[in-house]
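**Q** Shown below is the structure under consideration.
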Amino acid sequence: MKVLVINCGSSSLKYQLIDSQTEQVLAKGLCERIGIDGRLTHKPTGKDKVEKDLAMPDHTAAVGFVLDALTDPVCGVVASLKEIGAVGHRIVHGGEKFNKSVVITEDVIKDIESVSGLAPLHNPANLIGIRSCQKLMPGVPMVAVFDTAFHQTMPKQAYLYGIPHEFYEKYGIRRYGFHGTSHSYVSQVGAQLVGKPYNEAKIIVAHLGNGSSICAVKNGKSVDTSMGLTPLDGLPMGTRSGSLDPTIISYIAEKEHVSLEEVMTILNKKSGMAGMSGVGSDFRDLDAAASAGNTLADEALEVFSYNVAKFIGAYQVAVGGADAICFTAGVGENDVKVRARICKYLEGIGVKIDYDVNAVTRGTQTKISTDDSICAVWVVPTNEELAIARETVALV
Ligand code: AMP
């Protein structure tokens, strides 16, 4: 079956068409600037990339262009839309309603709407993506795959915050965690790599990208993760602050004479690596700046690396001694310098890597630990789209 995987943002839409038998990507692409003007980048496997400025007043128009591109006689990869057997939609927040992927029905859409308050920037956009696909592909089964679902196995001691219990009961304020599709996919690969059945393996996944989170996976279940009610919690990220003393929020508001909303914008968009360094959020730029002697960039990278190591140390407790630590996502797979910085901190707890192997490992599945390390350390490329396609096929 051919599965269309859709990841819909407020003004963008990423897609991949995957053949579920061969697990090959047939085409992938991106619609940007939806609602502003519109641009499609379409890359069919084995053919030239197509880039076009197209008027995309809304997401339905964008989906229309995606379907046109997929069936185009020149840049297309299928003869007709009938070849697409299912659509898998990435949904950011499933609250406590969804602990696994589901086939999309009107009731499911209502339930996703009911938890949208927890992800006001993401869930409404995800729902628009579903509606647009339903309009243009009537009758094609669709599946919702949630970023939060994998973490619904966390025990209470991991997901409750130290606030009055009534806020959990009234508003669902708790740790939910994100990047679940990636953590689930990478931890399964990690279990295979250490030669253990998934339900007996203890894996720590460090998903380090523009957004970053760490996950403790014990016996095939997420038992703790660093992101919380929202993806702002945990590690400092590209532009997000990560965890901080909550008093800082009111203190900045008071000192800078800005509203609560403005402080939240600072913490979401102007903090993290970009805010600490003044250089930007891209780790390649940060590495280059640090190498050129920029002290703030160097400090930001050290703050990031130290915090990643601290979470890994904490999650050694959560899993009870990991079989493997897996680095994944843009930074985790490619940034050899940041991995080295993180692993330096882990030496104190017996985690040892071969720095020469680490230095040449970019984007390929590779063991970077030495034989005398307390646990294996692997670089494992993530593949969220493939994971979504697999879930979709399993359900339809
Ligand atoms: P992601 O969110 O997983 O797409 O990751 C994006 C981040 O990965 C960006 O900050 C990139 O700078 C970083 N990244 C990608 N490739 C490299 C690389 N070769 N070296 C360092 N960082 C990289």
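**Q** Mind putting together the pair-distance distribution for region 152-259? All Cα pairs, 10 Å bins, whole percent per bin, short to long.
**A** It works out to 14, 36, 31, 13, 4, 1, in whole percents.
**Q** Roughly how tilted is helix 123-136, in degrees to the nearest 10 and between 0 and 90, from the longest Cα axis of the chain?
**A** With rounding to tens, the tilt is 20 degrees.
**Q** If you average the C-alpha positions of region 15-94 and of region 200-222 separately, how far apart do those two centres end up, in angstrom?
**A** Taking the Cα centre of region 200-222 as reference, the centre of region 15-94 is 30 Å away.
**Q** Pick out which of M142, M276, M264 has the largest mean-square fluctuation in a Gaussian network model of the chain, springs linking Cα atoms closer than 10 Å.
**A** M264
**Q** Rounded to the nearest 0.05, what FRET efficiency do D58 and K100 have when you use their Cβ-Cβ distance and R0 = 25 Å?
**A** Numbers: r = 30 Å, r/R0 = 1.22.
Approximately 0.25, to the nearest 0.05.
**Q** By how many nm would the segment from E262 to Q192 lengthen if fully extended, with 0.36 nm per residue of separation less the alpha-carbon distance? Before the final figure, lay out each step's value.
**A** Working: separation 70, 0.36 × 70 = 25.20 nm, distance 4.56 nm.
Full extension from E262 to Q192 adds 20.6 nm.
**Q** Going 7 Å from the Cα of D72 along its beta-carbon direction, which residues of region 43-60 have the amide nitrogen within less than 11 Å of the resulting point?
**A** 43-44, 48-54
**Q** Next question. Scale the Cα Rg of region 207-295 by the rule-of-thumb value 2.2 N^0.38 Å and send over the ratio, two decimals. Mind showing how you got there, number by number?
**A** Working: Rg = 15.1 Å, N = 89, 2.2 N^0.38 = 12.1 Å.
Here the answer is 1.25, to two decimals.
**Q** Follow-up. Would you mind computing Rg(Cα) / (2.2 N^0.38 Å) for the chain, counting N as its residues? Don't skip to the answer; put the middle values down first.
**A** Details: Rg = 21.2 Å, N = 396, 2.2 N^0.38 = 21.4 Å.
Working it through for the chain, the quotient is 0.99.
**Q** At q = 0.17, 0.22 Å⁻¹, work out log10 I(q)/I(0) for region 283-329 with the Debye formula, treating every Cα as an identical point scatterer and leaving solvent out; two decimals please.
**A** -0.61, -0.77
**Q** Taking just the alpha-carbon atoms of region 232-273, what radius of gyration and Dmax come out, in angstrom?
**A** 9.7, 27
**Q** Under a 5 Å amide H to amide H cut-off, with H placed in plane at 1.01 Å, what residues pair with A27 once short-range neighbours are removed?
**A** L17, T45
**Q** Rounded to the nearest Å, what's the spacing between the alpha carbon centres of region 252-297 and region 169-185? Just the number, please.
**A** 25 Å
**Q** I would also like to ask the following. What 222 nm value per residue comes from the helices of the chain, counting each DSSP H run with n ≥ 4 as -39,500 (n - 2.57) and dividing by all residues, nearest 500 deg cm²/dmol? Walk me through the numbers on the way to the answer.
**A** Numbers: 15 runs with 155 residues, N = 396.
Value at 222 nm, helices only: -11500 deg cm²/dmol.
**Q** Evaluated at 4 °C with a viscosity of 1.567 mPa s, what Stokes-Einstein diffusion coefficient in µm²/s does region 1-153 have when Rh comes from the Kirkwood expression over alpha-carbon pairs? Mind dumping the intermediate values first?
**A** Working: Rh = 15.7 Å.
After rounding, the answer is 83 µm²/s.
**Q** Given the options T364, T153, T247, which has the most mean-square fluctuation in a GNM of the chain, springs set between C-alpha atoms less than 10 angstrom apart?
**A** T247
**Q** Follow-up. Along each of its three principal axes, how wide is the spread of alpha-carbon positions in region 176-325, in whole angstrom units, largest first?
**A** If we take the Cα atoms of region 176-325, the spans are 54, 36, 23 Å.
**Q** Share of the chain's accessible area from carbon and sulfur, percent, 1.4 Å?
**A** Values: 9350 of 17660 Å².
That fraction is 53 percent.
**Q** Sticking with this structure for a sec: What lysines sit close enough to K170 to cross-link, taking a C-alpha to C-alpha distance under 24 Å and skipping anything fewer than 8 places away on the same chain?
**A** Cα-Cα hits under 24 Å: K97, K100, K110, K156.
**Q** Would you mind telling me which residue in L26, L244, L40 has the biggest mean-square fluctuation in a Gaussian network model of the chain, where springs connect alpha carbons within a distance under 10 angstrom?
**A** L244
**Q** Please work out the average accessible area per residue across the chain, using the 1.4 Å probe convention, and give it in Å². Walk me through the intermediate numbers first.
**A** Numbers: 17660 Å² over 396 residues.
Solvent-accessible surface per residue comes out at 45 Å².
**Q** Just to be sure I follow: if Rg is taken over the C-alpha atoms of region 150-201 and Rh is the Kirkwood radius over the same atoms, what is Rg/Rh?
**A** Details: Rg = 14.8 Å, Rh = 12.9 Å.
Answer for region 150-201: 1.15.
**Q** Counting other C-beta atoms within 10 Å, and keeping those with at most 15, which DSSP coil chymotrypsin sites (Phe, Trp or Tyr not before Pro) do you find in region 316-393?
**A** Values: sites: F327, Y345, Y355, W378; in loops: none.
Taking region 316-393 and a limit of 15 other Cβ atoms within 10 Å, no loop chymotrypsin sites (Phe, Trp or Tyr not before Pro) are found.
**Q** Using a 1.4 angstrom probe on the protein heavy atoms only, line up T225, T105, T370 by accessible area, largest first.
**A** Details: T225 0, T105 65, T370 40 Å².
The ordering from most to least exposed comes out as T105, T370, T225.
**Q** With charges set only on the Cβ (+1 for Lys and Arg, -1 for Asp and Glu), what does the dipole of the chain come to about its Cα centre, in debye to the nearest 20? Could the numbers behind the result be given before it?
**A** Details: 38 positive and 44 negative charges, 110 e Å.
The dipole of the chain has a size of about 520 debye.
**Q** Based on alpha-carbon centroids, what's the gap between region 128-161 and region 346-396 in Å, whole number please?
**A** Measuring centre to centre over Cα atoms gives 26 Å.
The values are calculated or read from the model by the stated rules, or taken from the named source; none is laboratory data. Keep in mind that what you see is a predicted model, and the values were worked out from it rather than measured. Here the Cβ is made from the backbone with ideal geometry for all residues, glycine too, and neighbour counts use every protein chain on show. Side chains included, ligands, DNA and RNA excluded: accessible areas come from the protein's heavy atoms. Shrake-Rupley method; radii C 1.70, N 1.55, O 1.52, S 1.80 Å.
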